[in-house]
Amino acid sequence: MFKLGAQIDAARGVLAQATALPFLVRAAVALCGLIAIGVAWPAELIASQLTAPLLMLVAIYPAVAPRGRGATSSALVVVAGWIADTVGVGAHVELWRVITIATLLYLGHTLTALAAVLPYDAIVSFDMVGGWLLRAGAVVLVSAVLTVATLGLSADLAGGAFVLATIVGIACAVGATILIARLLRRA
């Protein structure tokens, strides 16, 4: 019991010293996780008094401890919820849900990485966080546009052309991986 009291006092000290932008980054991590779980999981399980608190804890954990495996665990829980909803419950796969979940997972992951290197009491310029969010927004926008364009093309490409496009895409991904690995060895 004594340890719990010491941890509560330590948490109060952290909150008292926290500055605005690091706190907002961590709040954004928690918000991304909560919304992602809300979009991915079946409504019946979210409304359940048993699972709702557990899902909330999983969503908020990366914001509290960004240096651990919390972001990965939270992302896996979101994906498991989406699979449970689409395969288990039989919900239709809808484009807006897929793009929303992917966007929130990416934003949550990149903001967790920022929170991991940003001390809670740091004095940070809004330009630094704004630049980080601008780059993340560009990645999300390009990904969403490419996803919609690819889905539009997949209806036109059928049979052999679709297989060829898939093989070319895999070859490009492997080529990019090899290039990045070689560049990392040089550094």
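Readers should treat all values here as calculations from the given coordinates under stated rules, not as data from a laboratory. Computed from a prediction, not measured in an experiment: that's the story for all the values here. With ideal geometry, Cβ positions are generated from the backbone for all residues, glycine too; neighbour counts draw on all protein chains shown.
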| In terms of the Cα gyration tensor, with a ≥ b ≥ c the square roots of its eigenvalues, is region 93-187 rounded because a/c is under 1.5, prolate because a/b exceeds b/c, or oblate? | oblate
| message | If packing is taken as the average count of other Cβ atoms within 10 Å, what order do 22-32, 176-186 fall into, highest mean first? | response | 22-32, 176-186
| task | Treat every Asp and Glu Cβ in the chain as -1 and every Lys and Arg Cβ as +1, leave all other atoms uncharged, and give the resulting dipole magnitude about the Cα centre to the nearest 20 debye. | result | 680 debye
| query | What order do you get for Asp85, Asp127, Asp121 when you list them from fewest to most C-beta neighbours inside 10 Å? | reply | Asp127, Asp121, Asp85
| query | Counting other C-beta atoms within 10 Å, which of Trp82, Trp96 has the fewest, and how do the rest follow? | reply | Trp96, Trp82
| How do Val64, Val39 rank when sorted from fewest to most other Cβ atoms within 10 Å of their own Cβ? | Val64, Val39
